[in-house]
Amino acid sequence: MGFDLYGVKPQLTEKQPELNWDESPSTKEREEYWEVKNKWEENNPGAYFRNNVWSWRPLWSYICEEVALTILTIEDMKRGDYNDGHCINAIKANYIADRIEKLDATGELEAFEKKYKANLDALPKEKCEHCNGSGVRDDQHVQGKCNACEGGMKDSWAKSYPFSADNVRDFAKFSRASGGFEIH
């Protein structure tokens, strides 16, 4: 599961590549299409932005709490956590990009990333819920050594949610060129 963001009125430098999927394209045609499409997306950063759920949650949280607290409404902030098509208009998208660029110029993006990673690294191991901390499972899925932990203890789920300053920068590029965006 992921979050796909589409620019409402993206600034495009060229026409989006197309492939007629109804004609059952060959493996080679599909591979060529995806190569061209990926290049097109790089050249047109306002058209599409994607994060898996693990990366999106900390990014959106950062946007809401550190970047756009005075830009987004409470509804925007809540609906950004769902991929139901909520729209952030062009004015807000540009303000978000402006604010990210200012934070980046002062080194605050990198500082936040370091602090975020340090907080994750400091989290203690947790008792495994699959084996109740025993390191051994005896259920319909696994018999014997627990495959979900290391001897009954495992990393906190919070460590599954990475934060990257580069991801925020990519989001700023998308926001700037999107003409507003919808979150799907």
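What are the residues in region 11-55 that are part of a strand (DSSP E or B), out of contact with any Pro (no Cβ under 9 Å at 6 or more places or on another chain) and open to solvent by less than 90 Å² (accessible area, probe 1.4 Å), if any?
Residues satisfying the conditions are Phe49, Asn51, Asn52.
Looking only at region 92-107, count every residue that is free of Cβ contacts under 8 Å to residues at least 24 places away in the same chain and open to solvent by 70 Å² or more (accessible area, probe 1.4 Å) and tell me the total.
Total satisfying the criteria: 3.
I want to confirm something. Restricting to region 1-39 and keeping residues that are modelled with pLDDT of 95 or more and touching a strand residue (DSSP E or B) at 6+ places or on another chain (Cβ under 9 Å), which single residue is nearest to Tyr82 (Cα to Cα)?
Among residues in region 1-39 that are modelled with pLDDT of 95 or more and touching a strand residue (DSSP E or B) at 6+ places or on another chain (Cβ under 9 Å), the one nearest to Tyr82 (Cα to Cα) is Phe3.
Could you grab me the full set of residues in region 82-106 that are more than 12 Å from Arg169 (Cα to Cα) and not aliphatic (A, V, I, L, M)?
Tyr82, Asn83, Asp84, Gly85, His86, Cys87, Asn89, Lys92, Asn94, Tyr95, Thr106
Which members of region 65-85 meet the condition of being surrounded by fewer than 17 Cβ atoms within 10 Å (Cβ to Cβ) and touching a residue at least 24 places away in the same chain (Cβ under 8 Å)?
Selection gives Glu66, Asp81, Tyr82, Asp84, Gly85.
What's the number of the only condition in (1) open to solvent by 80 Å² or more (accessible area, probe 1.4 Å); (2) of a type in the set (A, V, I, L, M, F, W, C); (3) without any contact (Cβ under 8 Å) to a residue 24 or more places away in the chain; (4) closer than 24 Å to Lys159 by Cα that Met1 fails to meet?
All conditions pass for Met1, except number (3).
Right, Tyr62: at pLDDT 95 or above and open to solvent by 30 Å² or more (accessible area, probe 1.4 Å) or not?
So Tyr62 fails the test.
Limited to region 115-131, what total is found for residues that are open to solvent by 90 Å² or more (accessible area, probe 1.4 Å) and under 18 Å from the mean Cα position of the chain (by Cα)?
Counting residues in region 115-131 that are open to solvent by 90 Å² or more (accessible area, probe 1.4 Å) and under 18 Å from the mean Cα position of the chain (by Cα) gives 1.
Do you know which residues across region 83-124 are over 17 Å from Lys9 (Cβ atoms) and among the polar types (S, T, N, Q)? I'd like the intermediate steps shown before the answer.
Step one: filter region 83-124 for residues over 17 Å from Lys9 (Cβ atoms), giving 83-84, 98-124.
Passing the criteria: Asn83, Thr106, Asn119.
Are there any pairs with C-beta distances below 7 angstrom linking a residue in region 16-27 that is free of Cβ contacts under 8 Å to residues at least 12 places away in the same chain to a residue that is among the aliphatic types (A, V, I, L, M) and surrounded by 10 or more Cβ atoms within 10 Å (Cβ to Cβ), with the two at least 6 apart or on different chains, and if so which?
Taking only residues 6 or more apart or on different chains, the pairs are Pro25/Leu19.
The values are calculated or read from the model by the stated rules, or taken from the named source; none is laboratory data. Predicted model, so just to flag it, every value in this text is computed and none were measured. Backbone-built Cβ (ideal geometry, glycine too); neighbour counts: all protein chains shown. When the accessible area is computed, the model is the full protein with side chains, heavy atoms only, and any ligands, DNA or RNA have been set aside. Shrake-Rupley method; radii C 1.70, N 1.55, O 1.52, S 1.80 Å.
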